[in-house]
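*Asks:* Below is the structure I would like to discuss, written out as structure tokens.
The values are calculated or read from the model by the stated rules, or taken from the named source; none is laboratory data. For clarity, every value in this text was computed on a predicted model and none was experimentally measured. Quick reminder, even Gly has a Cβ in these numbers, built from the backbone with ideal geometry, and neighbours come from all protein chains shown.
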Amino acid sequence: MYAVLLGCAASPPCAGAVPPAYGANDAGGFRNILPPGENGTDNFVQLGKFQSVGQRPPHWMDQLPLYSDLVYADPGLTGRQIPYYFKDATFGVKPNQIASIEHPRSGVTIVRDKAFGIPHIYGVTHGDVMFGAGYAGAEDRLFLMDILRHTGRAQLSSFIGGASSNRQMDRDQWQAAPYTEADLQQQIDDAPKYYGDAGRRIIADGNEYVAGINQYIHDATNPLDPVGAANKLPGEYVALGIVPKPWKLTDVIATASLIGGIFGKGGGEEVRSARIFQAFLARFGGRRGRRSWLDFRERDDPESPVSANGRFPYETASPFSPRGLALPDRGSVRFTSTGSPLTGALRAGAFGLDMRRALESKHGHSNALLVSARHSADHHPIGVMGPQVGYYVPQILMEEDLHGPGVDAEGAAFPGVNQYVQLGHGRDYAWTATSANSDDVDTFAEVLCRDAFHYRWRGHCMAMERLDQHNSWAPNALDQTPPGSETLTAYRTVHGIVYARGTVHGRKVAFVRARTTYFHEADSGLAFEELNNPSFTHDARSFERAAANINFSFNWFYIDSRDIAYYVSGWYPRRAAHTSPSFPVLGTGQYDWAGYDPSTHLASWLGFAAHPHAIDQRYFVSWNNHQARRWMAADDNYHYERVFRSQLLEDKIKHDIRGGRRMTVAQLVQAMEESATQDMRGVLVLPTVLRAIGHPRQARLRRAVALLRRWVRRGAHRRDLNRDGHYDDDAAVTLMDAWWPRLVAAEFEPAVGRPAYGALTSFQPPDAQQVGTVASSPDYETGWFGYVSKDLRDLFGPRGRGSWSRVYCGNGASGAGGGGRRTRARCRTALRRSLLAVTHMTKQQLYGHDPTCAQEHRVDASCYDETRSTVASGVDIPSFPWINRPTFQQVVAPTRHLGR
């Protein structure tokens, strides 16, 4: 049938690969969703139609209704309803569902389906598949790919305009990953040296992939076919008055540096952490200050929920280890910038600002729920899982289905690096990731010599390397900023990039970030090639070996018809013995990472078995939570606490498998979805707070407490099931939003003191959603949730493991027990006063700072929470109700294993 459809039944031979039948080499049981839609290219005519009559191109947002409407299927979701919310992800296309067929070169076939326009790519050779992935990627995301490669090179302002937000994005990227063209090329040239034949294969794949992108650019700008070119060229290029430039393999490396440097790292905030510590020392003195700081540091709280049951010791040295310690002198630190101060305000709605916010909230909502065969209803593992990468138009992930020699995979990938499926399924297995944020970035204090741009290393006075990036811009249809130019400057040492300056014991130093993946941005390509290859990945053990080749910090999950597995990837350094993992250390050489070679940017990384991993636990749950006991939180992570959002998921799984019961796929989807609309504070913290508050006599307080208790009993949701435009428990949600920051301040600030409290809240706000500013969606990853719970349980009970060194609420005492009746009375009074103070607060006071909600006359929590996508196109989409779940999500229930 395919041969006839492709016109391959007669001679001469068909121009492209002949696709196998729908479902060939696919064990079945794979579904997914990726909003808003697969198509991300709007030509100039389509752009005009949208701007004039609001008509969007096909497949622009056809997956969004499936994604957003799942909210209304809960509670009571059934197995038969799942196809209404997750589309079929089986390999191939049914013959009667073929929408289009193209052969961008001999040996390559791209088939798109009618339902969602997904590219199904087939190649006669492995290189043909890579070429097809490049062509289809450009077909669906060319303009976004261009944005990503320019952002990765810190050239966003040169590409789309000189707005302050775009220039700030350039500054941030040049601070994080500054590379010259020679640096990018070096990473390509070094691949065979480090990885042999595997490295050569990855480079060959990359070259074929780039050739596919460039073929599409040729087709979209071909003067010999003006009609065809006009249909293919994104309208944004016409609006900007530019044509897309051909890609180079170094563009892929630059894009990888942006993606991996954002989603796959942890740590690097040792200086800021040191400043918080010093504020605690100033408040409490030496011994008590150290203990109090450790209370809030939460490196390894024994009550924190973990994904792996084993113990995996890492970074267990004391934060106060004196060897090489380089605590900055108080008041001496000055953070540097790669550019001069910006004079224009960063305004809401500016692309660079929207992109920065989206990328900074990368932790978002990634989660994974996997249940083993012994606890599932069909006696095979089941999974609901996916990454949260933000919401973009077009989406910053794209979907593809790749088939040819050495590759059988369907799923999602980042445009610009989509030669392999990065999150998806193979023949009979699936895999996904959540950000691990484990510590692969350290701070070294370079002791200066001669002047501000020389430093001492291994007995020599070394010159810092100056890295300049020149950008220029002119007004265009998207950005009317007047013409201008600027040069960004970063300074590089043998360890990394300078980000602050100060003194240590009176000596001038430059603080630099050393990232293990710097100069190795694309090395993970080897692992993705293995995950796409059915000959390599065929069971849980082979999956672990593939995941171990990913140098970025991620939690990886695997499922097939027999097993579930978990592995934490990343290059984690073996730090010098007895040095602090929490604060800066001297960069003079004797405290370098074990085996560190600045000429290769390699060191002796932590071994395979030392990473948190497990196979066939009862279940795996991850919502960016603590990986395992003794695996210490990175220095920028103060929130592996007793209360974490992953408990929302885990508690539901525990309930559904208790007493020998077995869990269905529908139950697992509902466990995810039910949690996705819950306010974690209401579920996991508020019961403890209300117990501490007791039963006040004052009428206004009694009504407020009763309102909150009713909300807790109803599940503490932020959802609008009757679709009237307001949350079903709007009054309780509003009260909680108003009270939370004041509750935290009332509980902690009197004891901690304003300077230390301010230092800590500026580093880790009480809640990641800053109510009272521009609207944002809550995710409940970072905040003071566990702090509030731990402190109040220490005072009012029941006490748990890992009690703190003192009680803070009511300005309680130090030591075990932490406070008596008087402390409890003072604490209860403080909590009640903080609640009473907000009972008069109006929605306008709370949510009225956001211009969008004000313009829509919807100043309330539901509008404030709504998901508003970062738009990288002339065609946008409407906002949609808040939901705390992955962007790309798979529902996996494989029941058979295929031979190889």
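*Asks:* Just for segment 630-648: of the residues that are among the charged types (D, E, K, R) and farther than 19 Å from H613 by Cβ, which one is surrounded by the fewest Cβ atoms within 10 Å (Cβ to Cβ)? Before you say what the answer is, go through the steps one by one.
*Replies:* Initially, segment 630-648 is screened for residues among the charged types (D, E, K, R), giving 630, 635-636, 641-642, 645.
If we keep only those that are farther than 19 Å from H613 by Cβ as well, we get 635-636, 641-642, 645.
Values: D635: 28, D636: 19, E641: 25, R642: 21, R645: 24.
Across segment 630-648, the extreme among qualifying residues is D636.
*Asks:* To continue, here is another question. Quick check on my filter: what residues within segment 179-203 are outside any helix (DSSP H, G or I) and either not assigned by TED's automatic domain parsing to the domain that holds D251 or not aromatic (F, W, Y) (or both)? Quick ask: steps written out before the conclusion?
*Replies:* Looking only at segment 179-203, we keep the residues that are outside any helix (DSSP H, G or I), and these are 179-180.
The answer is T180, and nothing else.
*Asks:* If a residue counts only when it is in contact with a strand residue (DSSP E or B) (Cβ under 7 Å, 6 or more places away or on another chain) and closer than 22 Å to H218 by Cα, which helices (runs of 4 or more DSSP H) contained entirely in segment 49-162 have at least 3 such residues? Break it down stepwise before answering.
*Replies:* Working: elements: 64-69, 126-152, 156-160.
Correct list: 126-152.
*Asks:* Among the residues of segment 706-729, write down those that are in contact (Cβ under 8 Å) with a residue 60 or more places away in the chain, under 26 Å from I693 (Cβ atoms) and surrounded by fewer than 16 Cβ atoms within 10 Å (Cβ to Cβ).
*Replies:* Passing the criteria: none in range.
*Asks:* Pairs under 6 Å by beta carbon, first residue assigned by TED's automatic domain parsing to the domain that holds V859 in segment 735-754, partner crowded, with 24+ Cβ neighbours inside 10 Å and aromatic (F, W, Y), six or more apart or different chains?
*Replies:* Here the result reads V744/W784; F748/Y808; A751/Y808, each pair linking segment 735-754 to a residue that is crowded, with 24+ Cβ neighbours inside 10 Å and aromatic (F, W, Y).
*Asks:* Within the set of pairs 6 or more residues apart or between chains, which connect a residue that is of a type in the set (A, V, I, L, M) inside segment 32-54 to a residue that is in a helix (DSSP H, G or I) and at pLDDT 95 or above with Cβ atoms less than 6 Å apart?
*Replies:* Taking only residues 6 or more apart or on different chains, the pairs are I33/L66; I33/Y67; L47/G235.
*Asks:* Which of the strands (runs of 3 or more DSSP E) found entirely inside segment 408-487 contain at least 1 residues meeting this: in contact (Cβ under 8 Å) with a residue 12 or more places away in the chain, in contact with a strand residue (DSSP E or B) (Cβ under 9 Å, 6 or more places away or on another chain) and closer than 21 Å to G261 by Cβ?
*Replies:* Ranges flagged: 423-425, 429-435, 441-447, 465-473.
*Asks:* Continuing with the same structure: Filter segment 680-705 down to residues that are among the hydrophobic types (A, V, I, L, M, F, W, C) and closer than 23 Å to R642 by Cβ, then give me how many there are.
*Replies:* Qualifying residue count, segment 680-705: 9.
*Asks:* Scan segment 244-255 and tell me whether some residue there is outside the structural domain of Q422 (by TED's automatic domain parsing), in contact (Cβ under 8 Å) with a residue 60 or more places away in the chain and buried (at least 24 other Cβ atoms within 10 Å of the Cβ). Don't jump to the end; show me each part of the working.
*Replies:* Taking segment 244-255 first, the residues outside the structural domain of Q422 (by TED's automatic domain parsing) are none.
No, segment 244-255 contains no residue that is outside the structural domain of Q422 (by TED's automatic domain parsing), in contact (Cβ under 8 Å) with a residue 60 or more places away in the chain and buried (at least 24 other Cβ atoms within 10 Å of the Cβ).
*Asks:* Okay, next question. In segment 263-274, what count of residues is obtained for those that are assigned to a helix (DSSP H, G or I), surrounded by 21 or more Cβ atoms within 10 Å (Cβ to Cβ) and either of a type outside the set (G, A, S) or in the same structural domain as D205 (by TED's automatic domain parsing) (or both)? Give the derivation first.
*Replies:* Looking only at segment 263-274, we keep the residues that are assigned to a helix (DSSP H, G or I), and these are 263, 270-274.
Checking the rest, the ones that are also surrounded by 21 or more Cβ atoms within 10 Å (Cβ to Cβ) come to 263, 270-271, 273-274.
Remaining after also requiring either of a type outside the set (G, A, S) or in the same structural domain as D205 (by TED's automatic domain parsing) (or both): 263, 270-271.
Number of matching residues: 3.
*Asks:* Given the options P798, P741, name the one that is in a loop (DSSP other than H, G, I, E, B), modelled with pLDDT of 90 or more and either of a type outside the set (V, I, T) or under 17 Å from C827 (Cβ atoms) (or both). Reasoning before the result, please.
*Replies:* Values: P741 fails: in a loop (DSSP other than H, G, I, E, B).
Result of the check over P798, P741: P798.
*Asks:* Given the conditions (1) touching a residue at least 60 places away in the same chain (Cβ under 8 Å); (2) buried (at least 23 other Cβ atoms within 10 Å of the Cβ); (3) under 27 Å from the mean Cα position of the chain (by Cα); (4) outside any strand (DSSP E or B), and given that N555 satisfies all but one, which numbered condition is not satisfied?
*Replies:* The number of the failed condition is (4).
*Asks:* Is one or more of the residues making up segment 887-896 among the charged types (D, E, K, R) and farther than 30 Å from L66 by Cβ?
*Replies:* At the first step, the residues of segment 887-896 found to be among the charged types (D, E, K, R) are 896.
Those still in the list that are farther than 30 Å from L66 by Cβ too: none.
No, segment 887-896 has no match at all.
*Asks:* Residues D301, D219: which one is buried (at least 22 other Cβ atoms within 10 Å of the Cβ) and either among the aliphatic types (A, V, I, L, M) or in contact (Cβ under 8 Å) with a residue 12 or more places away in the chain (or both)?
*Replies:* Values: D219 fails: buried (at least 22 other Cβ atoms within 10 Å of the Cβ).
Testing whether each residue is buried (at least 22 other Cβ atoms within 10 Å of the Cβ) and either among the aliphatic types (A, V, I, L, M) or in contact (Cβ under 8 Å) with a residue 12 or more places away in the chain (or both) leaves just D301.
*Asks:* While we're here: Out of all the residues in segment 237-247, which are modelled with pLDDT under 95 and of a type outside the set (A, V, I, L, M, F, W, C)?
*Replies:* G241
*Asks:* Can you tell which of N214, N207, N231 is in contact with a strand residue (DSSP E or B) (Cβ under 6 Å, 6 or more places away or on another chain) and part of a helix (DSSP H, G or I)? Spell out how you get there, then give the answer.
*Replies:* Values: N214 fails: in contact with a strand residue (DSSP E or B) (Cβ under 6 Å, 6 or more places away or on another chain); N207 fails: in contact with a strand residue (DSSP E or B) (Cβ under 6 Å, 6 or more places away or on another chain).
Only one candidate qualifies: N231.
*Asks:* Would you confirm, using the coordinates I've provided, whether A854 is out of contact with any Lys or Arg (no Cβ under 7 Å at 6 or more places or on another chain), under 30 Å from D146 (Cβ atoms) and of a type in the set (G, A, S)? Spell out how you get there, then give the answer.
*Replies:* On the way: out of contact with any Lys or Arg (no Cβ under 7 Å at 6 or more places or on another chain): yes; under 30 Å from D146 (Cβ atoms): no; of a type in the set (G, A, S): yes.
No; evaluated as a whole, the condition is false for this residue.
*Asks:* For segment 471-488, state whether one or more residues are of a type in the set (A, V, I, L, M), touching a His at 6+ places or on another chain (Cβ under 7 Å) and modelled with pLDDT of 95 or more. Lay out the reasoning, then the answer.
*Replies:* So the first thing to find is which residues in segment 471-488 are of a type in the set (A, V, I, L, M), and the list is 474, 477-478, 488.
Those left that are additionally touching a His at 6+ places or on another chain (Cβ under 7 Å): none.
The answer is no; no qualifying residue exists.
*Asks:* On to the next question. If you take just the helices (runs of 4 or more DSSP H) that sit entirely in segment 623-726, which of them hold at least 1 residues that are of a type in the set (K, R)? Even if it seems obvious, please write down each step before you answer.
*Replies:* Details: elements: 646-657, 665-676, 686-693, 699-713.
By residue number, 646-657, 686-693, 699-713.
Residues checked against (1) among the aliphatic types (A, V, I, L, M); (2) at pLDDT below 95; (3) buried (at least 19 other Cβ atoms within 10 Å of the Cβ); (4) more than 24 Å from I82 (Cα to Cα):
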{"residue": "P612", "(1), (2), (3), (4)": "no, no, yes, yes"}
{"residue": "Q617", "(1), (2), (3), (4)": "no, no, no, yes"}
{"residue": "W623", "(1), (2), (3), (4)": "no, no, yes, no"}
{"residue": "E650", "(1), (2), (3), (4)": "no, no, yes, no"}
{"residue": "A671", "(1), (2), (3), (4)": "yes, no, yes, no"}
{"residue": "D679", "(1), (2), (3), (4)": "no, no, yes, yes"}
